[in-house]
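Written out below as structure tokens is the structure these notes cover.
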Amino acid sequence: MRKAGYILLMVASLIWGSCSYDKGSYDYSDLKEPLISGITDQSVLTFSRLRVVPDLGDEEFSDGDYSFEWKVINNNGMQEPVVIGRERDLDYEVTLLPGAYTLYFTIYETATGLYWQQSAALTVSSSLSEGWMVLCSDDGRARLDIVSAVTGETVPDVLKASGMPQMNGPRRIQWLSGNTDAASPYYLLTDDGATRLGRDAFEWKPEYDFGYEVAVNDRLVPQVIVSAGFGKMTVGDGNAHYCEIMGIDGLYGSAVNKGFKVAPYIGANVLAEQVYAAVYMLYDIDNRRLMAYCPLLAANDLGGLDPLAGMEEMGQIAEGMAPGAGVVGNAFDSWPEGYELVYMENTRYDPGNAKMGLTYVLLKDGRSCHLYGVQLGDMLRYADCTYVIGKGDYADLSQCRNVLHKDALYAFSSLKNYMYYAIGDTVWRIDLSQEPVKEELQFTLSGEKITCLKFNLYQNSENRKKSYDLVVGSVKDGEGVLRVYEGRDSDGDFRKVEPQKYGGFAEIVDVTYKERVY
């Protein structure tokens, strides 16, 4: 008991001592807490004025007792916060780069440092943030016009003031955002070479030149670039080159084809979201046969095999790794050989629901015309793809009128098993599910010459249904016209579809839709 009493006495003395030295005086007042409202999501154009008037309730918040701050943070996390205002009401000329931001409004109490904050989404756009990229040949010069989905206006010749040297012989305008530097996801392909373009206003830097992506001494002039899985391929001047992008910023290496030339097309699965060991398809124009290329086969844990093989041999390799799942489908018995390649196109049409989009291969033998539908998947089948290779479709088009015309343009739908071709001013459709197949007239653009025919494969999920829209570029008296025919609701029959129409271009070579990348 004596010990317990001693402890209580010590505690009491400590309490008395601490109180005896507290001689401060306090002036307590009610804390005014603002009820902030009126800070709502905003969408603005660059160089416009952003005005926001917050509602703080009935209380007065004088500048002497309180301070205010408006700041934005880019949602991609790549930039520091930017203060855009220090007054209660925001009045700001937007000089931010296009992108998705979070806008923060903060009130600070000067005496205490306490603060209150409210946020909202801020989307900054420019006239170039979204719309059709229309690549034209302006007397041979590569010219890029933009039909802005933001302003509804056409912005001509956007590369002229970019500092990029003039490039001639335009071929393609492509978007490979998932497999390129996010700051420059667009590729311009020309006879003079290729370059990337900046994402915001197609700004250009010397290091965007395609030569910076190549590890060999040869100067590559790409005719096409296709990505699948963890890699991408390009073909130029009869040679195919592969670039690994699995966790590294890879470079294109030596040509994968040895002793023969390949056509300027690359087959790949453009449907599956995840592919680990992608199978690509090339056409050997010297020996007139389809070839398969699976770069991961060269890895030791996959046997250290030759990654380039004929389709039959690649099928045997696939069956050996996945019996019963290596090759699927029986649309044709044997792989074609001895024919001349006319055209090849990748689509998202998936007849077997195997996450393997159909790649159409158009071949000719004299006056005979053969169409093969090949499905390309994943050698490892870890993710989306059910099989490795598929024999998805075959059709004899020899009886279809003018299908092999020397000036014909071709396009294949991802909606259904439809093929379209254009000659001069006229477009036909072939329903490949019919037997026998036959062409049917779609429409004629009287007096115009069709120079571009395609389906744009959108990347953002909210736009995917527009991938069924037929895109047509034409020229008359030197002026290019762009038409977009709605495809989903019309079930791919464009005979009665009134297209969206845009004019004022030079001769249209290629068209790709620029989707928002934020």
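So for 196, 49, what's the accessible-area order with a 1.4 Å probe, most first? Walk me through the intermediate numbers first.
Details: 196 30, 49 110 Å².
Greatest to least solvent exposure: 49, 196.
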Study note, to complete from the structure: Placing +1 on each Lys and Arg Cβ and -1 on each Asp and Glu Cβ in segment 254-360, then taking the dipole about the Cα centre, the residue among 352, 255, 277 whose Cα reaches farthest towards the positive end is 255
Practice item. Would you please calculate the Kirkwood hydrodynamic radius of segment 263-394 over all C-alpha pairs and express it in Å, rounded to one decimal? Key: 14.6
Practice item. Run the accessible area of segment 231-375 with a 1.4 Å probe and give the carbon-and-sulfur part as a rounded percent. Key: 44
Revision key, fill the gap. Residues whose modelled amide H sits under 5 Å from the amide H of residue 157, counting only those 5 or more places away in sequence or on another chain, are 144, 145, 146
Practice item. Mind listing the long-range amide H neighbours of residue 500? Cut-off is under 5 Å, sequence gap 5 or more, other chains count too, H placed in the peptide plane at 1.01 Å from N. Key: 484, 486
Practice item. Please list the non-local residues whose amide H lies under 5 Å from the amide H of residue 176, H modeled 1.01 Å from N, same-chain partners needing a gap of 5 or more. Key: 187
Check your understanding: Each residue of segment 89-94 in order: what ³J(HN,Hα) in whole Hz does its phi give by Karplus 6.51 cos²θ - 1.76 cosθ + 1.60, θ = phi - 60°, with x for Gly and Pro?
Key -> 9, 8, 9, 10, 7, 6
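Relative contact order, percent, of segment 30-139 when contacts are C-alpha pairs under 8 Å separated by at least 6 residues? List each step's numbers first, then the result.
Working: 209 pairs, mean separation 33.7, N = 110.
The normalised contact order for segment 30-139 reaches 31 percent.
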Review point. To the nearest 20 debye, what is the magnitude of the charge dipole of the chain about its Cα centre, counting +1 on the Cβ of each Lys and Arg and -1 on the Cβ of each Asp and Glu?
Key: 860
Point to revise | Net dipole in debye of segment 187-302 [+1 Lys, Arg Cβ; -1 Asp, Glu Cβ; about Cα centre; nearest 20] | key: 380
Check your understanding: Along segment 419-428, what does the Karplus equation 6.51 cos²θ - 1.76 cosθ + 1.60 (θ = phi - 60°) give for ³J(HN,Hα), rounded to whole Hz, x for Gly and Pro?
Key -> 10, 10, 9, 10, 9, x, 10, 10, 10, 10
**Study point:** Taking the C-alpha atoms of segment 266-314, convex hull volume expressed per residue in Å³
**Key:** 75
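What's the Kirkwood radius of segment 173-280 in Å, using all Cα pairs?
Working: mean 1/r = 0.0702 Å⁻¹.
After inverting the pairwise mean of 1/r, the radius is 14.2 Å.
Roughly speaking, what is the stretch gain from residue 118 to residue 182, that is 0.36 nm per residue apart minus the C-alpha to C-alpha distance, in nm to one decimal?
Numbers: separation 64, 0.36 × 64 = 23.04 nm, distance 3.01 nm.
Here the answer is 20.0 nm.
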**Study point:** Leading residue at positive end of dipole, segment 40-191 (Cβ point charges), from 173, 48, 108
**Key:** 173
Check your understanding: Using θ = phi - 60° and the Karplus form 6.51 cos²θ - 1.76 cosθ + 1.60, what ³J(HN,Hα) does each residue of segment 368-382 get, whole Hz, x for Gly and Pro?
Key -> 7, 10, 10, 10, 10, x, 10, 10, 10, x, 10, 4, 8, 6, 7
Check your understanding: Under the definition of Cα pairs under 8 Å and six or more residues apart, what whole-number percent is the relative contact order of the chain?
Key -> 9
Point to revise | Accessible area in the full protein assembly, largest first, 1.4 Å probe, for 477, 469 | key: 477, 469
**Study point:** Dimensions (Å) - segment 337-452, Cα atoms, principal axes, largest first
**Key:** 52, 30, 26
Exercise for review: Could you state how much accessible area residue 337 has, in square angstrom rounded to the nearest 10, with a 1.4 Å probe and all protein chains kept in place?
Suggested key: 130
Study note, to complete from the structure: The Cα radius of gyration of the chain, divided by 2.2 N^0.38 Å with N its residue count, comes to 1.31
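Which order do peptides 502-514, 398-410, 358-370 fall in by mean Cβ count within 10 Å, highest first? Please list the in-between numbers first.
Values: 502-514: 20.5, 398-410: 14.8, 358-370: 18.8.
Ranked by mean Cβ neighbours within 10 Å, highest first: 502-514, 358-370, 398-410.
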Study note, to complete from the structure: Along principal axes, largest first, the alpha-carbon spread of segment 320-361 in whole Å comes out as 32, 24, 17
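Classify segment 400-460: rounded, prolate or oblate, from the alpha-carbon gyration tensor (a ≥ b ≥ c, eigenvalue square roots; a/c under 1.5 rounded; otherwise prolate if a/b is larger than b/c)?
Details: a/c = 1.98, a/b = 1.08, b/c = 1.83.
Oblate shape, in that a/c is at least 1.5 and b/c is the bigger or equal ratio.
Could you give the dipole magnitude of segment 57-170 about its Cα centre, charging the beta-carbon of Lys and Arg +1 and that of Asp and Glu -1, in debye to the nearest 20? Can you show the working numbers first?
On the way: 6 positive and 18 negative charges, 162 e Å.
Roughly 780 debye for segment 57-170.
Net charge around residue 413, counting only other residues with Cβ within less than 12 Å of its Cβ (Lys, Arg = +1; Asp, Glu = -1)? Before the final figure, lay out the partial values.
Numbers: positive: 348, 416, 429, 454, 488; negative: 345, 431, 469, 491, 493.
That works out to 0.
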Point to revise | Average Cα contact separation per residue, segment 317-423, under 8 Å, 6 or more apart, as relative contact order % | key: 25
Point to revise | Farthest toward positive dipole pole in the chain [+1 Lys/Arg, -1 Asp/Glu at C-beta], among 150, 231, 403 | key: 403
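Would you work out the Kirkwood radius for segment 156-218? I mean one over the mean of 1/r across all pairs of different Cα atoms, in Å. Walk me through the intermediate numbers first.
On the way: mean 1/r = 0.0829 Å⁻¹.
It is 12.1 Å.
Would you mind working out the accessible area per residue for the chain, using a 1.4 Å probe, and quoting it in Å²? Intermediate values should be presented prior to the final figure.
Values: 25260 Å² over 518 residues.
For the chain, the solvent-accessible area averages 49 Å² per residue.
The values are calculated or read from the model by the stated rules, or taken from the named source; none is laboratory data. What you see is a predicted model, and the numbers here were worked out from it, not measured in a lab. Glycine gets a Cβ as well: all are built from the backbone with ideal geometry, and neighbour counts include every protein chain shown. With ligands, DNA and RNA removed, areas are computed over all heavy atoms of the protein, side chains included. Shrake-Rupley method; radii C 1.70, N 1.55, O 1.52, S 1.80 Å.
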